[in-house]
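Chemist: First the structure, which I've put down as structure tokens, then a few questions once you've had a look.
Throughout, read-outs are computed from the coordinates displayed, never taken from laboratory work. In this text the structure is predicted, and so the values were computed from the model without any measurement.
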Amino acid sequence: MNQSIEFIADDADSLSIVNISRRTFLKELALGGFVLAAGFPVLTLADEAPKKYGADAMPHGWVDNPLVFVAIADDGTVTIVCHRSEMGQGIRTSLPLVVADELDANWLHVKVAQAPGDEGRFGNQDTDGSRSMRHFFMPMRRVGAA
């Protein structure tokens, strides 16, 4: 079944009717939507500054000062401060494990302490986006190595 669609020509006095099939109409509509969807974001992103990722995008960045994160007692007990909140991702274990691995510390003699909320001292403490290990793996390795 063909559908009739009216098109108005350039001059106001002439009017023509063009018959197109539903399939042709849908193909043209899909093509036009694709062109808009593919081309529009490119035009809007052209004037924006490049997005920052990692520590560059985080307020207060990161701190990799070993005096802030690690304390070693006389009996060999290592206390590692975890500055991120545990919300089910295992970050309270994984970040201290990175430090303990670099220290070559026995995990049986490691204690984990939760840091208070102090971004000036500990750097960014947001726990969002499941990015704690991505952003803090290398800084925590440097803490343990130092």
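Chemist: Pop out the ³J(HN,Hα) list for the stretch 84-89 in order, Karplus 6.51 cos²θ - 1.76 cosθ + 1.60 with θ = phi - 60°, rounded to Hz; leave Gly and Pro as x.
Modeler: Values, residue by residue: 10, 7, 7, 10, x, 8 Hz.
Chemist: Calculate one ³J(HN,Hα) per residue across the stretch 20-27 by plugging θ = phi - 60° into the Karplus curve 6.51 cos²θ - 1.76 cosθ + 1.60, and present them in order as whole Hz with x for glycine and proline.
Modeler: 10, 7, 4, 4, 5, 4, 5, 5
Chemist: Could you calculate the contour length gain from Met138 to Val110, that is, 0.36 nm times the residue separation minus the distance between their Cα atoms, to one decimal place in nm? Each step should come with its number before you reach the end.
Modeler: Values: separation 28, 0.36 × 28 = 10.08 nm, distance 1.98 nm.
Between Met138 and Val110, full extension yields an extra 8.1 nm.
Chemist: Output the relative contact order of the stretch 77-119, whole-number percent, from Cα pairs under 8 angstrom with separation of 6+ residues.
Modeler: Relative contact order here is 56 percent.
Chemist: Taking amide H positions as placed in the peptide plane 1.01 Å from N, state which residues far from Ala113 in sequence (5 or more) or on other chains have amide H under 5 Å from it.
Modeler: Answer set, sorted by chain and number: Ile80, Val81, Cys82.
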